[in-house]
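This report refers to the structure that appears directly beneath it.
Just so it is clear, none of the values below were taken in a lab; they were calculated from the coordinates. Remember, predicted model here, so these are calculated numbers, not experimental data. Note that each Cβ is placed from the backbone with ideal geometry, even for glycine, and that neighbours are counted across all protein chains shown.
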Protein chains: 2
Amino acid sequence: MNDIRSFASFSDLRAALSVLPGPDAPAAEAAQAREPQLTKPPGSLGRLEQIAEWLATWQGRHPASLDNVCVRVFAGNHGVVAKGVSAYPAEVTVQMVGNFEAGGAAINQLCKAAGAELKVAALDLDQPTADFTEGPAMAEDEFLAAFNVGMASVPDDCDLLGIGEMGIGNTSAAAAICLALYGGEATDWTGPGTGVSGDALNAKARIVAEGVHRHEDAGGDGLEILRRLGGRELAAMAGAIVAARLNRVPLLLDGYVTSAAAAALHAAQPSALDHCLAAHVSAEPAHRQLLVKLGKPALLDFGMRLGEASGAALAIGLVRSALACHTGMATFAEAGVSDKD
Amino acid sequence: MNDIRSFASFSDLRAALSVLPGPDAPAAEAAQAREPQLTKPPGSLGRLEQIAEWLATWQGRHPASLDNVCVRVFAGNHGVVAKGVSAYPAEVTVQMVGNFEAGGAAINQLCKAAGAELKVAALDLDQPTADFTEGPAMAEDEFLAAFNVGMASVPDDCDLLGIGEMGIGNTSAAAAICLALYGGEATDWTGPGTGVSGDALNAKARIVAEGVHRHEDAGGDGLEILRRLGGRELAAMAGAIVAARLNRVPLLLDGYVTSAAAAALHAAQPSALDHCLAAHVSAEPAHRQLLVKLGKPALLDFGMRLGEASGAALAIGLVRSALACHTGMATFAEAGVSDKD
């Protein structure tokens, strides 16, 4: 465990982002050396082979292990909901946190199926962030407090982390972050979220544009964009990504909102997501282009748009299968199977 | 369990294909009625929702169950290997069957990870089918014997079946079947298989073309095409598909060779694959267009090209997750969560 547990200032955080640990070359080489010995044509397990190597590389050990797989869901409320950007009322955020705690949500079933430990952090749900069309969503200390909750959520002994979110209104925050980072039109980045359409969707895009215009002076500064246009659950996800990196925990990103939080970190430090895979590409239309910006092809394309880390949890089984093949298969020599030609 | 256990003639088989059981409407309706009550925006679990409905529809009960998940791998040898179509020698088929039995292959690890029971049927490996460039791969009785092995491999109490194959040379058989069924050029359907390229790949395509030309008089008859150009493991997979349908077992198709066997059945009876999903799209280039012909979008696109039912086994976890969400999630009423608007 790295001894960095929290950040007291933006400048401390910026300094840490500039010296993130890199890939573990010996672990990567050990994985690369074993793979061609396994009883299959070279490359024939495709992406499973890449995942096995990724797991070793970012755990920093070979063989990798998956004894402790964790999923963390962060929940926040958004002042911009007052502008009517969502199909659901804001009280659904706290109701869904109750549903997570009672075991009734999709993520509970998916974590159970994946053998993953689930924890949910509800971030000041009774105090929504400020409406980003009127001012910064969070003050610097509010941002750091949420970021540090995310940092602290990553256990020392976690082997693989999936992260996601719940927050009525947060696809508006995600769209605003993407528009601020990458430009284009607000409609390029604004989608139905939980299910708005027609005039309501047009209005949502106008609010996103208004928010980004309001904070133009943030320039391309990823952390400032995340503070001004994001929300507590997005800041916490960014914190979890950084803590995972410092603790050598490979990470599965969930959908559009999670990827938008990650994109802000990526803007601050282009290598900051090297330990992350995109678990799935969401049905939220802008997610596909966001993953292209991040250079992260998704593992799954299932038309999901729930959030809650549901896509990340669904992908855990694929990672388990990749590791099972890499560690459990016989070599050509062990099995007495003739090699190619 | 349906009382049909085997077929004694092509005409009996053709008659059975004309009266296959259809989808179970009450089970499908029960799944459709439950889905919108679950605590998530409608449709937000995307393909997972479709899989849950598919499972109930083809098991013929709601809730569906996944207590007994089975994977069956069929192995055969091919006379056409003498023409040099594979990068590996024919003895690898029997060596890999030994590897399956010893637990050292990819499919062993994937079945263990998926909680699936694996059985392997080796089909007269010491008697390769005839070289299809010289005559029919199988006589009618040889074809039916292999088909019936596949039929018998599906247990009465199986809840979900994954099927796949092992057989040096069988991507040539698959390519020949597709060319005979769908036309085009031999190069459209012929790929590297275990890893041939350059001149060897061109030669493989010429042999495929030669075989299809030799059996032109089969016309578009799917069963005749499968008998003349296929192999015992392909006939057995077709038998497993039919037995699964008769026994109400939803089925996951593996890669290119499995899909080619399925395509022959589809040509014989267009509804014959309605209980099947394509688990993955293989890196074997022709698989993608074959799945378009079958109207079956793949669950996974992982660049795999191993066969052995590896893609089917990998997808089992996705099906388990779909069922877990459908059966385990709380309803809006149970959880006290506000519904949309």
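Before moving on, here are some points about what is shown:
- Taken one residue at a time, the phi angles of the range B:256-261 give Karplus couplings (6.51, -1.76, 1.60, θ = phi - 60°) of 5, 5, 4, 5, 5, 4 Hz. Gly and Pro are set to x.
- Listed cross-link partners A:Lys112/B:Lys119; A:Lys119/B:Lys112; A:Lys40/B:Lys296; A:Lys112/A:Lys204; A:Lys40/B:Lys83 are compared with a 30 Å cut-off, the Cα-Cα value being larger for A:Lys112/A:Lys204.
- Among the trypsin sites (Lys or Arg not before Pro) found in the range B:273-341, those both in a DSSP coil and sparsely packed, with 16 or fewer other Cβ atoms within 10 Å of their Cβ, are B:Lys340.
- In this rough spin-label picture, where each label sits 7 Å from Cα along the Cβ direction, the B:Arg288-B:Asn68 distance is 4.0 nm.
- Bins of 10 Å from zero: percent of alpha-carbon pairs in chain B: 6, 27, 34, 20, 8, 3, 1
- Oblate is the label for the range A:264-333, because a/c, from the alpha-carbon gyration tensor with a ≥ b ≥ c as root eigenvalues, is 1.5 or above and a/b does not exceed b/c.
- Cα gyration tensor, the range A:182-284 - rounded (a/c under 1.5), prolate or oblate: oblate
- Entry note, chain A: relative contact order of 24 percent, from Cα contacts under 8 Å with a spacing of 6+ residues.
- Between helix A:170-182 and chain A: long-axis angle, C-alpha atoms, 0 to 90°, nearest 10: 80
- Radius 10 Å from Cβ of B:Ser153, net charge of other residues (Lys, Arg +1; Asp, Glu -1): +2
- Loop-resident sites, the range A:142-218, for GluC sites (Glu not before Pro), counting at most 15 other Cβ within 10 Å (DSSP): A:Glu185
- Between A:Arg14 and B:Glu185, the FRET efficiency from the beta-carbon distance, with R0 = 51 Å, is close to 0.30.
- Prolate/oblate/rounded call for the protein assembly as shown, Cα gyration tensor, a/c under 1.5 rounded: prolate
- Against chain A, whose longest principal axis is taken from its Cα atoms, helix A:232-246 shows a tilt of about 30°.
- Distances in nm from A:Ser338 to the matching label points in the other copies, shortest first (labels 7 Å along Cα to Cβ): 7.0
- The angle between the Cα long axis of helix A:25-34 and the longest principal axis of the Cα atoms of chain A comes to about 50 degrees, rounded to the nearest 10.
- Chain A versus the axis that turns it onto chain B: the residue with the nearest Cβ and the distance in whole Å amount to A:Gly317, 2.
- Taking B:Ser86, B:Ser310, B:Ser44, B:Ser172 and counting other C-beta atoms within 10 Å, the order from fewest to most: B:Ser44, B:Ser86, B:Ser172, B:Ser310
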